[in-house]
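Take a look at the structure below.
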Amino acid sequence: MSAWSPGGALVSSIEITAATVQRGDVIQHGGHACRVGDLFQLPQGAKQLVFESGELLTMHARTRLVAVRMLRRR
């Protein structure tokens, strides 16, 4: 599902894994929408996400989450 948003950005709801998560993805976590500010590679394919709010989330290699990703037009 994609939606138009002001400013020429396309918003898309996607399924992410530790292999596909990117900075800027917005994840619904604990009832709050949190934007990924930074991420770190951990052993065995896991990643630790640092949200802009300061919260941490560890995604194991097989974890799947739904996120919103902004796709900017060039």
- Query: Can you list the HN-Hα couplings for the range 17-27, worked out from phi with the Karplus curve (6.51, -1.76, 1.60; θ = phi - 60°), rounded to whole Hz and with x for Gly and Pro?
  - Reply: 10, 4, 7, 10, 5, 9, 4, x, 5, 10, 10
- For the range 12-72, convex hull of alpha carbons as volume per residue, Å³: 76
- Evaluate the charge dipole of the range 12-72 about its Cα centre and quote only its size in Debye, nearest 20, assuming +1 on the Cβ of each Lys and Arg and -1 on the Cβ of each Asp and Glu. 180
- Go through the range 37-44 residue by residue and turn each phi into a ³J(HN,Hα) via Karplus (6.51, -1.76, 1.60, θ = phi - 60°); whole Hz please, and just put x for glycine and proline. x, 7, 8, 10, 6, 10, x, 6
- Nitroxide proxy distance, nm - points 7 Å out along Cα→Cβ at Ser13 and Val50: 3.1
- Query: Given the Cα-Cα distance of Val66 and Phe40 and 0.36 nm per residue of separation, how much length would full extension add, in nm?
  - Reply: 7.4 nm
- Message: Can you list residues from other chains, or at least 5 along the same chain, whose modelled amide H is less than 5 Å from the amide H of Leu42?
- Response: Lys47, Gln48
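None of the figures in this text is laboratory data; all of them are computed from the coordinates on show. Predicted model, so just to flag it, every value in this text is computed and none were measured. Reconstructed Cβ throughout: ideal geometry from the backbone, glycine too, with neighbour counts over all protein chains shown.
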